[in-house]
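Below: the structure, in structure tokens.
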Amino acid sequence: MKNARTIRSSLMLLTALISFTSLHAQTGYSLKEAVDYAVKHNLNVKNAQLDAVSAEARIGEIRATGLPQVNANLSLVDNVIIQRFFLPANFADPTAPENAPPVALEFGIPWQGSASATLNQLIFNGSYFIGLKAAATYRELAQKNITSSKVSIAEAVTKAYYSAQVAEERAKLLDLNIARVDSSMRETKAMNASGFVELLDVNRLEVQINNLQTERQKVQNLIELSYALLRFQMGMPANEPIKLTDDINLVNLDELRAQLANTDVSYERRIEYSLLNTQEKLANLDLRNVRSGYLPSISASVGYGHNNGTDTFAKLWTSKWFNNSAVTLNVSIPIFDGFLKKYQINQKKIAIDKVKNSQALLKQSIDLENNQAAINIKNAFATLETQKRNLALAEEIVRVSKIKYKEGVGSNIEVINAESSLKEAQTNYFTALYDLMIAKVDLSKARGELYSE
């Protein structure tokens, strides 16, 4: 029995460990894992992927127009009232007088049936062959649109991740500040009870704790909002638990500064520029497609069928059916279209010029974005270094002011002011750290390095 209980206990412990591990795997996300999750689940990315699937179907549709087209036709006609044709009376009766009324003769039979099949094959059409060449470019454009969606999602998720991290760090610091001030208030209350300090000193500390607790609640609300935004950007259900496993305090600033020191810009790494290149290819193919309209179009068709006609429905299936067949070669040669294609070509040329202008404008925009991001990252590094020094100084001022107050050579107001300055320095430090991480994201995006598959 003892061994059985031991085995059951071991199994329960193992199950609990497995459940914990599974839960952690579902809820804990590093920044890279959060981005990977978003790429798989974000609805904007899914829509771009659906567009790519639709593009493949469109490519198949274009290809299908050049394949043989086979149609079958079946027809059964019941001439309930046969139409009559009017002929001169002497056509049927040569002895009829000249003024005799025309003779109305039935032209047709009550029952008719036919069955046929036709095969049509395109032999040459300029637009079709240009369409086949455009298919690969169309597929390329669809895939690049997917990449563009992934880059946008990676940017949004990264910024939301950093926002949640900074909010959590601010909450931790506020908890430490509340604990520190609460400890000071308990000491001050004891000193007040002994008659060493006034009640006013206790009240000042209580006001400070109340303010800190109010700010802590605001930061908690900010944390919840940041996580809600992060889940939304990741495409995650709103009520699903999530935990951030990266630690923003472990960011190696020297390594980060070295990574961002390179200022080279490669337009080809930007998905927006790559998309414009693909659009230029399609615009050129569109121009060639219009020009191909000057070429002749050639197609051929083969038809084969049977038909029959009788005076009764039963004989329609027992009497002989007669075969018929035809082979047709169709050649369409454009001669004059009222200058239609001329004006279409002019429009396509203008479209190409607009794409080229967009490429030039995008290059200028990329240069500007890169310069702005480089300046912002320099300013962010400088601001963070300053706030780091201010934080160290504020911590030292708090330490010294508390010692002076305990030794009776300082005031309670001096301690409270030092605590307030420390809280402000802490807030400024993490604001500067957040600004630095956002500037890093903007610079990576400007250089086309934000996301790679």
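Examine segment 313-336 for a residue that is surrounded by 12 or more Cβ atoms within 10 Å (Cβ to Cβ) and within 30 Å of GLN143 (Cβ to Cβ), and state whether such a residue exists.
Among the residues of segment 313-336, not one is surrounded by 12 or more Cβ atoms within 10 Å (Cβ to Cβ) and within 30 Å of GLN143 (Cβ to Cβ), which makes the answer no.
Before we move on, is ASN211 assigned to a loop (DSSP other than H, G, I, E, B) and surrounded by fewer than 15 Cβ atoms within 10 Å (Cβ to Cβ)? Don't jump to the end; show me each part of the working.
Numbers: assigned to a loop (DSSP other than H, G, I, E, B): no; surrounded by fewer than 15 Cβ atoms within 10 Å (Cβ to Cβ): yes.
No.
Which condition number in (1) of a type in the set (Asp, Glu); (2) under 25 Å from VAL166 (Cβ atoms); (3) surrounded by fewer than 16 Cβ atoms within 10 Å (Cβ to Cβ); (4) at pLDDT 90 or above is the one that ASP353 fails?
Here ASP353 clears every test but (2).
Residues checked against (1) touching a residue at least 12 places away in the same chain (Cβ under 8 Å); (2) within 30 Å of THR310 (Cα to Cα); (3) in a loop (DSSP other than H, G, I, E, B); (4) under 16 Å from the mean Cα position of the chain (by Cα):
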position: LYS32; (1), (2), (3), (4): no, no, no, no
position: VAL45; (1), (2), (3), (4): yes, no, no, yes
position: ASP51; (1), (2), (3), (4): yes, no, no, yes
position: GLY60; (1), (2), (3), (4): no, no, no, no
position: VAL70; (1), (2), (3), (4): yes, yes, no, no
position: SER75; (1), (2), (3), (4): yes, yes, no, no
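Pairs please, first residue from segment 381-397 and farther than 16 Å from GLU419 by Cα, second anywhere and of a type in the set (Asp, Glu) and part of a helix (DSSP H, G or I), Cβ atoms under 9 Å, 6+ apart in sequence or on different chains.
Correct list of pairs: THR383/ASP435; LEU384/ASP435.
Answer yes or no: is there a residue in segment 364-372 that is surrounded by 11 or more Cβ atoms within 10 Å (Cβ to Cβ), within 18 Å of PRO296 (Cβ to Cβ) and among the hydroxyl-bearing types (Ser, Thr, Tyr). First the steps, then the outcome.
From segment 364-372, those surrounded by 11 or more Cβ atoms within 10 Å (Cβ to Cβ) are 365-372; that's our starting set.
Checking the rest, the ones that are also within 18 Å of PRO296 (Cβ to Cβ) come to none.
Checked against the condition, which is being surrounded by 11 or more Cβ atoms within 10 Å (Cβ to Cβ), within 18 Å of PRO296 (Cβ to Cβ) and among the hydroxyl-bearing types (Ser, Thr, Tyr), segment 364-372 yields no hits at all.
Within segment 221-250, track down each residue that is exposed (fewer than 14 other Cβ atoms within 10 Å of the Cβ) and among the β-branched types (Val, Ile, Thr).
THR245
Within segment 319-330, does at least one residue satisfy the condition of being over 18 Å from THR65 (Cα atoms), part of a helix (DSSP H, G or I) and of a type outside the set (Asp, Glu)?
No: zero hits.
Just to check your reading of the model, which residue among ALA179, ALA136, ALA228 is without any contact (Cβ under 8 Å) to a residue 24 or more places away in the chain, closer than 30 Å to ILE59 by Cβ and assigned to a helix (DSSP H, G or I)?
Values: ALA179 fails: closer than 30 Å to ILE59 by Cβ; ALA228 fails: closer than 30 Å to ILE59 by Cβ.
Only one candidate qualifies: ALA136.
Contact list please: Cβ distance under 6 Å, first residue in segment 431-453 and at positive phi, second residue modelled with pLDDT of 90 or more and buried (at least 21 other Cβ atoms within 10 Å of the Cβ), pairs at least six apart or on different chains.
GLY448/ARG270
Within segment 188-221, can you find the residues that are under 26 Å from ALA171 (Cβ atoms) and touching a residue at least 40 places away in the same chain (Cβ under 8 Å)?
Hits for segment 188-221 are THR188, ARG204, LEU205, GLN208, LEU212, GLU215, ARG216, VAL219, GLN220.
The values are calculated or read from the model by the stated rules, or taken from the named source; none is laboratory data. Here the structure is a predicted model, which is why all the values come from computation and not from measurement. Every residue, glycine as well, gets a Cβ built from its backbone with ideal geometry; the counts of neighbours run over all protein chains shown.
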